[in-house]
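Asks: Below is the structure I would like to discuss, written out as structure tokens.
The values are calculated or read from the model by the stated rules, or taken from the named source; none is laboratory data. This is a predicted model, so every value here is computed, not measured. Here the Cβ positions follow ideal geometry from the backbone for every residue, glycine too, while neighbour counts run over all protein chains shown.
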Amino acid sequence: MIVRIWHGMVEVSKADDYAEFMKERAVPDYSSVDGLKKLMFLKNVKADVAHFLLVTHWDSMEAVKQFAGENPEKAKYYPEDDDYLLEKEETSALYEVFYQSNEA
């Protein structure tokens with residue numbers, strides 16, 4: 001399994017709108033790709049900036065490439081992101097899962 005993590009920053013005043021945008025625009029896009037196992041969007045507000053993490057779990061690197069393209073570390077953006085993001089980070093982090101426990 002591959003975990004892909006993307007980070008973005010938004011002004012706090014736009015954080016709720018960006019969260020709704022991501023649910024409406026990004027969730028269907030990610031979900032349309034075979035091999036997506038899990039999708040989590042996380043938000044952490046610090047002072048006047050909201051940090052977003054998109055954490056996705058994929059069957060394989062091939063599945064990640066189906067979503068992100070031949071360079072799966074390259075961040076994928078939507079045109080509407082320009083209205084929200086303070087900057088566009090160039091890459092997402094990729095991790096290979098080598099152990100997982102479902103026990104709490």
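Asks: Scan the stretch 45-52 and tell me whether some residue there is in a strand (DSSP E or B), over 14 Å from the mean Cα position of the chain (by Cα), more than 26 Å from residue 99 (Cα to Cα) and without any contact (Cβ under 8 Å) to a residue 40 or more places away in the chain. Break it down into steps so the answer makes sense when it comes.
Replies: If we filter the stretch 45-52 for residues that are in a strand (DSSP E or B), which is where we start, we get 45-46, 49-52.
Now drop any that are not over 14 Å from the mean Cα position of the chain (by Cα), which leaves 45-46, 49-50.
Remaining after also requiring more than 26 Å from residue 99 (Cα to Cα): 45-46, 49-50.
With the extra rule that they be without any contact (Cβ under 8 Å) to a residue 40 or more places away in the chain, the set shrinks to 45-46.
Yes.
Asks: Out of (1) free of Cβ contacts under 8 Å to residues at least 12 places away in the same chain; (2) exposed (fewer than 13 other Cβ atoms within 10 Å of the Cβ), the odd one out for residue 65 is which?
Replies: The single condition residue 65 does not satisfy is (2).
Asks: Collect the residues in the stretch 1-34 that are part of a strand (DSSP E or B) and not aliphatic (A, V, I, L, M), keeping them in residue-number order.
Replies: The answer is 4, 6, 7, 8, 11.
Asks: Moving on. Within the stretch 88-104, which residues are in contact (Cβ under 8 Å) with a residue 12 or more places away in the chain and over 15 Å from the mean Cα position of the chain (by Cα)? Reasoning before the result, please.
Replies: The initial filter retains those residues of the stretch 88-104 that are in contact (Cβ under 8 Å) with a residue 12 or more places away in the chain, namely 88-97, 100.
The answer is 96, 97, 100.
Asks: Let me ask something additional. Take the stretch 36-66 and flag every residue that is of a type in the set (A, V, I, L, M, F, W, C) and either at pLDDT below 95 or under 14 Å from residue 95 (Cα atoms) (or both). I'd like the intermediate steps shown before the answer.
Replies: To start, the set of residues in the stretch 36-66 that are of a type in the set (A, V, I, L, M, F, W, C) comprises 36, 39-42, 45, 47, 49-50, 52-55, 58, 61, 63-64.
Those that are of a type in the set (A, V, I, L, M, F, W, C) and either at pLDDT below 95 or under 14 Å from residue 95 (Cα atoms) (or both): 47, 54, 55, 58, 61, 63, 64.
Asks: Is it true that residue 26 is touching a helix residue (DSSP H, G or I) at 6+ places or on another chain (Cβ under 9 Å), modelled with pLDDT under 95 and not aromatic (Phe, Trp, Tyr)?
Replies: Numbers: touching a helix residue (DSSP H, G or I) at 6+ places or on another chain (Cβ under 9 Å): no; modelled with pLDDT under 95: yes; not aromatic (Phe, Trp, Tyr): yes.
Spelling it out, it is not the case that residue 26 is touching a helix residue (DSSP H, G or I) at 6+ places or on another chain (Cβ under 9 Å), modelled with pLDDT under 95 and not aromatic (Phe, Trp, Tyr).
Asks: Turning to a different aspect of this structure: Within the stretch 59-96, track down each residue that is aliphatic (A, V, I, L, M), part of a loop (DSSP other than H, G, I, E, B) and over 13 Å from residue 26 (Cβ atoms).
Replies: Of the stretch 59-96, the ones aliphatic (A, V, I, L, M) are 61, 63-64, 68, 75, 85-86, 93-94.
Restricting the remaining residues to those that are part of a loop (DSSP other than H, G, I, E, B) gives 75, 86.
Residue satisfying the conditions is 86 alone.
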